[in-house]
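Notes for the one structure printed next.
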Amino acid sequence: MYVAVKGGERAIDNAHAFLAEERRGAPDIAELTVPQIREQLRLAVNRVMAEGSLYDPDLAALAIKQARGDLIEAIFLIRAYRTTLPRHGASQPIDTGKMSITRRVSATFKDAPGGQILGPTFDYTHRLLDFTLAANGEAPAAPVAPASPDPVPHITKFLNRDGLIETAPPAEDTPADLTREPLSLPASRPLRLQALARGDEGFVLSLAYSTQRGYGRTHAFVGELRIGTVAVEMQVPELGFAVEIGEIEVTECETVNQFKGSKTEPPQFTRGYGLSFGQTERKSIAMALVDRALRWKELGEDNSGAPAQDEEFVLAHCDNIQATGFLEHIKLPHYVDFQSELELIRHLRAEAQAARQEAAE
Amino acid sequence: MSVQELPTEDRRAWMGLLARARPERLAALLPAPLPAHADLRAPEIGAVMVRGRVSASGAPFNLGEMTVTRCALRLTDCGTVGHAYVQGRDRDHARRAALVDALMQTGRAAALRAQVLDPLAAEEAAARGLRAAKAAATRVEFFTLVRGEDA
């Protein structure tokens with residue numbers, strides 16, 4: 001028989017104190033500051049902003065400190081915080097064509113106007129541990145060169161000219177918002193992109209990888225990957241015009257995919273799209289591949305039953321806060337549930353034993 | 001002077017500059033005591049949903065939110081109203097930005113421009129220029145080694 005109990009307050013308080021002490025680590029080592037995390041663990045900060053779905057580097061750095069570097073826990077903290085904020089409005093769509101470029105590469109066009117700008121990338125490093133970093137080496141100043149004032153146009157525009165690639169005609173519909181209404185299926189492409197933009201990097205990466213290995217293959221090239229800052233503008237009702245409310249760093253990836261054509265479309269290249277907060281290029285590329293794989297129905301392609309083609313599977317499982325919430329809750333007390341299971345097993349065993357005895361007699 | 005008479009582009013430019021400014025820098029350029037004013041909307045921290053476009057040019061979608069603090073106030077002496085929407089969660093940043101917005105609509109505009117806006121604009125341009133120059137140094141120059149038809 002199960003008896004309702006309560007308790008554990010003292011244990012919980014002490015566990016929190018122990019957690020705080022462990023978070024601090026050895027007291028003879030200097031404490032990490034939030035600005036240090038913001039400046040020196042920038043890519044962790046970016047991931048927390050992208051999946052926390054809130055652009056605020058200071059808050060993301062604080063969350064990382066509080067979470068002891070557990071990024072999913074930090075994302076959880078940011079998601080919880082953002083629910084407390086009033087919504088001042090929605091921005092006008094950002095114009096990534098006017099990005100101040102930090103990095104911009106194309107895997108399809110060597111001589112793209114605007115050039116191949118490598119930026120601060122891990123590509124071409126040898127992935128050898130650098131022991132000078134352990135010895136507090138000062139970073140050398142990055143070289144400079146005259147920057148071109150010319151705009152850096154999107155590369156897909158060049159393919160558009162010959163009609164070799166599908167176009168994305170402008171529209172002004174108000175997009176559905178996952179944070180305001182529950183996900184409903186089938187989802188529009190804008191809704192899928194919102195879910196993927198805040199989806200778990202590891203999950204989206206693995207799904208994208210699965211399409212490359214043949215589970216919903218889409219033959220993707222990175223047409224363009226660009227990282228830099230863009231202005232965010234919002235229409236302010238009390239002013240009657242749009243003002244710039246800030247500037248954010250984003251990563252944008254456009255894939256160029258093979259497409260054999262369908263009953264309605266001629267053979268042409270198609271596109272997948274990735275966009276995420278901060279310098280988060282693995283995430284953005286993966287997002288573009290999964291976006292493209294999910295478009296099979298719209299493009300009249302075959303459904304091979306691959307996970308990356310299954311909208312419900314992808315969208316219902318890409319959110320790491322939903323996932324970890326459901327996964328981790330099973331370690332919390334389930335005494336009553338388990339008691340009923342125990343009763344059931346005992347009952348079945350008694351019945352089985354009785355049946356065996358009857359047969360023997 | 002009413003809002004409608006002002007050249008909107010000019011006002012858009014300074015509001016954007018103030019929104020992007022670092023709070024501590026703005027505080028240094030416009031130190032206390034601040035000009036007398038009354039709050040119309042006390043500084044309020046909130047979020048704005050940032051939108052992108054499908055494939056950069058198509059239908060809008062919700063990318064994620066950003067923190068934004070807003071404020072509206074009225075100058076005590078002339079009644080001029082100033083508005084601010086600034087990036088981040090710094091209430092003093094929003095208050096100072098709204099004050100500058102109000103003062104820029106008064107006879108003190110030229111002084112304010114020299115004291116606050118010009119330094120902010122110069123520093124921002126220098127920082128952007130340096131970042132662009134560092135990026136430009138990583139631009140790939142291709143050299144043709146052997147052409148297929150020459151080999």
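Here are some notes:
- Residues of segment B:47-78 satisfying the condition of being within 17 Å of the chain's Cα centre (by Cα) and of a type in the set (Gly, Ala, Ser): B:47, B:72
- Residues in segment A:178-199 that are out of contact with any Asp or Glu (no Cβ under 6 Å at 6 or more places or on another chain) and either away from chain B (no Cβ under 14 Å) or aromatic (Phe, Trp, Tyr) (or both): A:182, A:184, A:186.
- Restricting segment A:230-247 to residues that are β-branched (Val, Ile, Thr) and more than 26 Å from residue A:167 (Cα to Cα), the residue that is surrounded by the fewest Cβ atoms within 10 Å (Cβ to Cβ): A:236
- Filtering segment A:147-174 to residues that are farther than 21 Å from residue A:254 by Cα and touching a helix residue (DSSP H, G or I) at 6+ places or on another chain (Cβ under 6 Å) leaves only A:147.
- Within segment A:196-229, the set of residues being aliphatic (A, V, I, L, M) and surrounded by fewer than 21 Cβ atoms within 10 Å (Cβ to Cβ) comprises just one member, A:205.
- Positions within segment A:238-286 being within 11 Å of chain B (Cβ to nearest Cβ) and in a loop (DSSP other than H, G, I, E, B), in sequence order: A:238, A:239, A:240, A:278
- For beta carbons closer than 9 Å, sequence separation of 6+ or different chains, a first residue in segment A:6-24 that is assigned by TED's automatic domain parsing to the domain that holds residue A:34 and a second that is aliphatic (A, V, I, L, M), the qualifying pairs are A:23/A:67.
- Any hit, segment B:88-98, residues being more than 21 Å from residue A:56 (Cβ to Cβ) and surrounded by fewer than 24 Cβ atoms within 10 Å (Cβ to Cβ): no
- Subset of segment A:126-177 that is loosely packed, with under 10 Cβ neighbours inside 10 Å and closer than 28 Å to residue A:273 by Cβ - its residue that is farthest from the other protein chains (Cβ to nearest Cβ): A:162
- Any hit, segment B:113-127, residues being more than 29 Å from residue A:56 (Cβ to Cβ), basic (Lys, Arg) and modelled with pLDDT of 95 or more: yes
- Count of residues meeting criterion [within 16 Å of residue A:288 (Cα to Cα) and either in contact (Cβ under 8 Å) with a residue 24 or more places away in the chain or assigned to a strand (DSSP E or B) (or both)] in segment B:44-59: 2
- Candidates B:8, B:67: the one that is closer than 30 Å to residue A:274 by Cβ and at the interface with another protein chain (Cβ under 9 Å from one of its Cβ atoms) is B:67.
Residue-wise test of (1) at pLDDT 95 or above; (2) within 30 Å of residue A:169 (Cβ to Cβ); (3) crowded, with 19+ Cβ neighbours inside 10 Å.
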site	(1), (2), (3)
B:25	yes, no, no
B:44	yes, no, no
B:50	yes, yes, yes
B:60	yes, yes, yes
B:67	yes, no, yes
B:85	yes, no, yes
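- Filter result (more than 30 Å from the chain's Cα centre (by Cα) and assigned to a loop (DSSP other than H, G, I, E, B)) within segment A:140-163: A:140, A:141, A:143, A:144, A:145, A:146, A:147, A:148, A:149, A:150, A:162, A:163
- Restricting segment B:1-23 to residues that are at pLDDT 95 or above, part of a helix (DSSP H, G or I) and not charged (D, E, K, R), the residue that is farthest from residue B:45 (Cα to Cα) is B:13.
- Test: residue in segment B:31-39 that is under 30 Å from residue A:156 (Cβ atoms) and either of a type in the set (A, V, I, L, M, F, W, C) or in contact (Cβ under 8 Å) with a residue 24 or more places away in the chain (or both): no
- Only one of A:31, A:21 that is out of contact with any Leu (no Cβ under 9 Å at 6 or more places or on another chain), assigned to a loop (DSSP other than H, G, I, E, B) and not aliphatic (A, V, I, L, M): A:31
- Failed criterion for residue B:131 (all others in (1) within 12 Å of another protein chain (Cβ to nearest Cβ); (2) under 19 Å from residue A:245 (Cα atoms); (3) in a helix (DSSP H, G or I) hold): (2)
The values are calculated or read from the model by the stated rules, or taken from the named source; none is laboratory data. Worth saying up front: this structure is predicted, and the values here are computed from it rather than measured. All Cβ positions, glycine included, derive from the backbone under ideal geometry; neighbour counts span all protein chains shown.
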